[in-house]
Amino acid sequence: MKNPSFTFVEGKRKYLLYTDHTGSESVEPLIRTLLHRRLPFEWHVAEGMKEADMTYWLSSQTIGTYLYLAGKRELVETGRTAAYEAGYSDDEFQTLLVGEPMTRIFCTVCEQLSLVPKKAQVICAQCKAPLSVTDHFSPRLQAYLAYRPISLETKVITE
C-alpha cells in the first residue's frame, strides 16, 4: 500500500511545513520540490505548540502563504483549528495524519465523545461498550454516531 502524501500546490508566495517527528518523512517530497523550484518555505518540526501560539504564528504570515500539516492527530487537529482561527480557508492548507487511522465517535450508550480506531465495530473508550459506527457525521461534534449493535440489543431483550 502506498503511503499517503501531499499534493503540491503551485503559485503560492510562501509555503509553511509544520510537522512533528512522525510527520517529518511525509514532507520530504515537498521539500525536494520546493528546493528544486527555489521557492520560499519554512519547515518547523515541533512538539506541543499551543493553539494560541500557532494561531499567532499563522496570522503573522503574508497573504498567499500555503500550509502543510503532518503528524499525529493532536498536532494536526491543533494546527487545523489554529489555521481556521488565523483566517485560512480549506483551500489554503492540507493535513496528513500519521499513524493508525482514528475517528471521533459519539457513543449513544454513555453519550460521550471518544477517539477510537477507524473500524466499523469498536469499543467505546469511555464506557467500554461494543459499538457499531455509522456514516452519520455531526459537524457540530466533529464525530460519527456510534450505537450498540442491534444483535446485542436483541440478545439483551430476549435474555
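Expressed as a whole number of Å, what is the distance separating the alpha-carbon centroids of the stretch 88-114 and the stretch 71-85? Distance between centres, Cα-based: 10 Å. Think of the stretch 85-155 as having a plus end and a minus end, set by charges on the Cβ of Lys, Arg, Asp and Glu; of Ser114, Ser138, Gln94, Ser114 sits farthest toward the positive end of this dipole. Summarising the amide proton neighbourhood of Val98: residues at separation of 5 or more, or on other chains, whose placed amide H is nearer than 5 Å comprise Gly71, Lys72, Arg73.
If you take the beta carbon distance between Leu141 and Leu35 as r and set R0 to 30 Å, what does 1/(1 + (r/R0)^6) give as a FRET efficiency, to the nearest 0.05? Please report the intermediate quantities before stating the final value.
Numbers: r = 41 Å, r/R0 = 1.38.
Calculated value: 0.15.
Legend: P(r) of the chain from all alpha carbon pair distances, 10 Å bins from 0, whole percents, reading 10, 32, 28, 17, 9, 3, 1, 0. The mean sequence distance of close C-alpha pairs (under 8 Å, at least 6 residues apart), as a share of the length of the chain, puts its relative contact order at 18 percent. Computed about its Cα centre, the charge dipole of the chain is approximately 300 debye, with only Lys, Arg, Asp and Glu carrying charge at their Cβ. Scaling against 2.2 N^0.38 Å puts the C-alpha radius of gyration of the stretch 14-97 at 1.00. Across the stretch 53-65, computed HN-Hα scalar couplings (Karplus, 6.51 cos²θ - 1.76 cosθ + 1.60, θ = phi - 60°) run 5, 5, 4, 4, 4, 5, 5, 7, 7, 6, 4, x, 7 Hz from first to last residue, x flagging Gly and Pro. Summarising the amide proton neighbourhood of Leu67: residues at separation of 5 or more, or on other chains, whose placed amide H is nearer than 5 Å comprise Leu16, Phe93, Gln94.
3J(HN,Hα) couplings calculated from phi for the stretch 123-134 with the Karplus curve 6.51 cos²θ - 1.76 cosθ + 1.60 (θ = phi - 60°) are, in sequence order, 10, 4, 5, 8, 9, 6, 6, x, 9, 9, 8, 8 Hz; Gly and Pro show x. The label-point distance for Trp43 and Glu100, in a model that sets each label 7 Å from Cα toward Cβ, rounds to 2.9 nm.
When shorter helices are ignored and each DSSP H run of at least 4 residues is given -39500 (n - 2.57), the per-residue value for the chain at 222 nm works out to -7500 deg cm²/dmol.
Net length available on complete extension from Ile123 to Ser60 is 18.5 nm, with 0.36 nm assigned per residue and the Cα-Cα distance removed. Using the Cβ-Cβ distance between Cys110 and Glu74 with R0 = 25 Å, the FRET efficiency computed as 1/(1 + (r/R0)^6) comes to roughly 0.65. Amide H contacts of Lys118 (H built 1.01 Å from N, in plane; Pro and chain starts excluded): Met102, Thr103 sit under 5 Å, all sequence-distant by 5 or more or on other chains.
Residue by residue, the stretch 23-37 carries 3J(HN,Hα) couplings of x, 4, 5, 5, 9, 4, x, 5, 4, 4, 4, 5, 5, 4, 8 Hz when phi is fed to the Karplus relation 6.51 cos²θ - 1.76 cosθ + 1.60 (θ = phi - 60°); x denotes Gly or Pro.
Less than 10 Å Cβ to Cβ from Val98, Lys/Arg counted +1 and Asp/Glu -1: what total charge do the surrounding residues give? For residues surrounding Val98, the net value is -1.
A short reminder: the numbers here are calculations on the coordinates, not readings from a lab. Quantities reported herein were computed from a predicted structural model and do not represent experimental measurements. Every residue, glycine as well, gets a Cβ built from its backbone with ideal geometry; the counts of neighbours run over all protein chains shown.
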